[in-house]
Amino acid sequence: MKFQKTNCCLKGEITVPGDKSISHRSIMFGALSEGKTEITNFLQGADCLSTINCFRRLGIEIENKGGIITIHGKGLDGLSSPSGILDTGNSGTTTRLISGILAAQPFTATLTGDASIQKRPMERIIEPLSLMGARIESLHHNGCAPLLINGSPLKGIHYYSKVASAQVKSAILLAGLYACGETSVTEPVLSRNHSELMLRTFGAAIKTDKTTATIVPRPRLTGQKINVPGDISSAAYFIAAGLLVPGSDILIRNVGINPTRDGIIKVAKAMGGHISLLNEHRDGEPTADLHVTYSPLHGTVIGGDIIPTLIDELPIIAVMAAAAKGVTIIKDAAELKVKESNRIDVMVRNLSAMGCSIIGTEDGMVIEGKDPAAHPLQGAVIHAHADHRIAMSFAVASLIAQGETEIPDSGCVSISYPGFYSDLRSLSEST
Ligand code: S3P
């Protein structure tokens, strides 16, 4: 797809699709519950559809009609042996969380996904799950999928994770549902806590204390009604677009602002961005409408405990930094190298192609931003490496880049945001 610099400001309202992390978990926890779970505002992106398909293959009836997902849960012991290989597509969340569940089942399952999934590290879940008694084999002996999981009886452990990863934490807690004795995970920094909050709503006993979560095994989970909040990771592209395109004034409705996910708002404000939160709701997963207006940005330093709260937003933050005056340093973010693509390398290459001074480091990037009025980014051919967040970040960059930007594999946005390009266009059309 080809993009041109916009010649107008962005105006109007937008509602982004449901949160990806919460959508995945609604399917999984609904499947393990007794009775019906109904989900509204579910993200109909390819990743979450992979989760639905996996649980259908495990014998769970899931309806997807008229914007409502209905899961006919069968309880903790209701899954059945899948007929073929479970295909997790591009989804790290599906692959890692389902592994925690499969590790405890009385059957064997094989799972794998696309080329990107087959390169992503699975040792981080194989190690703790094996300590619990799981038998998981990386079939190519490279610590990646395909994984052969021979379900086994598990025992509770207290695991100290080296990485702040909600996928690792959640895989262990889900295995802990079936273990003998309590299971705890301590992370170096708190990662997103949707599993803890949602499992509690479904009826599990979960204690949390700073960066430790502890689960009591064998709860009786009961089906729930879940309305998924808008995904702040998707809202991030509109936050950036509103801040970067001169004259813009946009309202992003019903965005999840869980404090373990809201780092983009803090960083945008630290860079001089005008964002206000309206219509806040603080019951369950907190939500707000975000009002964003054009703001000249300046550089900042991003590192430490805030990193897990904005890990998926770092590509679009790097775009903001490229159009902000002064230097932005992103550090403590080595996890970027093992996402859907190596997001440090891919951002450095593509932003350099647009004329930005950027260097990649072991755990982040150093970006020398320029005043966009005097030294605008230049249109370029962008290689997104089939990574949805890279494609969306550069579609936003194209709005302020001189000339034409081309993103050949732009279709990968369907992983998390199928309607992204038309939503972005709708804001220029409403001026
Ligand atoms: C996710 C956790 C994060 C995030 C991913 C979704 C989740 O990954 O990057 O997009 O739903 O638990 P890690 O847990 O690997 O940091």
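Values quoted throughout were computed directly from the atomic coordinates according to the rules given, and no laboratory measurement underlies them. Since the model is a prediction, treat every value here as computed from it, not as a measurement. All Cβ positions, even for glycine, are placed from backbone atoms using ideal geometry, and neighbour counts span all protein chains on display.
Here are some notes:
- Of K210/K337; K119/K210; K210/K266, those spanning more than 29 Å from alpha-carbon to alpha-carbon: K119/K210
- Segment 1-158 shape via C-alpha gyration tensor axes, a/c threshold 1.5: oblate
- Among residues other than A268 with Cβ under 13 Å from its Cβ, the summed charge is 0 (Lys and Arg +1, Asp and Glu -1).
- Summing Lys and Arg as +1 and Asp and Glu as -1 over all other residues whose Cβ lies under 12 Å from the Cβ of P372 gives a net charge of +2.
- Counting only residues at least eight positions apart within a chain, or on another chain, the lysines with an alpha carbon under 17 Å from that of K269 are K325.
- The distance linking segment 154-225 with segment 78-135 is 17 Å (Cα centroid to Cα centroid, whole angstrom).
- Local net charge near R218, Cβ-Cβ under 14 Å (Lys/Arg +1, Asp/Glu -1): -1
- Taking the chain and dividing mean pair separation by its residue count, relative contact order in percent (alpha carbons under 8 Å, at least six apart): 18 percent
- Order by protection proxy (mean Cβ within 10 Å, highest first), peptides 403-413, 346-356: 346-356, 403-413
- For segment 253-336, size of Cβ-based charge dipole, Lys and Arg +1, Asp and Glu -1, in debye: 360 debye
- Cα gyration tensor shape of segment 61-127, rounded if a/c is under 1.5, else prolate or oblate by comparing a/b with b/c: oblate
- Residue among M347, I359, S295 farthest towards the positive dipole end of segment 270-360, charges placed on Cβ: I359
- Within the listed set E63, E13, E137, the residue fluctuating most in the Gaussian network model of the chain (springs between alpha-carbon atoms under 10 angstrom) is E63.
- Helix 420-429 axis, angle to the chain major axis (alpha carbon atoms, nearest 10°): 30 degrees
- Cα centre as origin, Lys/Arg/Asp/Glu Cβ charges: segment 20-227 dipole, Debye: 260 debye
- Segment 277-419 shape via C-alpha gyration tensor axes, a/c threshold 1.5: rounded
- Reachable lysines, given that their alpha-carbon falls under 17 Å from the alpha-carbon of K36 and they are not under 8 places away in the same chain: K65, K74, K225
- Counted over segment 20-227, the DSSP beta bridges are approximately 75% antiparallel.
- Between 0 and 90 degrees, the angle of helix 20-31 with respect to the longest Cα principal axis of the chain falls at about 20 degrees.
- In segment 301-384, Cα pairs under 8 Å separated by at least six residues give a relative contact order of 34 percent.
- Charge dipole of the chain (Cα centre as origin; +1 on each Lys and Arg Cβ, -1 on each Asp and Glu Cβ, all else neutral): 520 debye, rounded to the nearest 20.
- Once the Cα atoms are used to define both axes, helix 343-353 deviates from the longest principal axis of the chain by about 20 degrees.
- Among A323, A241, A373, residue whose mean-square fluctuation peaks in a GNM of the chain (springs only between Cα atoms under 10 Å): A373
- Mean-position separation - Cα centroids, segment 344-369 and segment 264-313, in angstrom: 22 Å
- Phi-based couplings in Hz for segment 392-405 (Karplus 6.51, -1.76, 1.60; Gly and Pro marked x): 5, 4, 7, 5, 5, 4, 4, 5, 10, 8, 5, x, 9, 10
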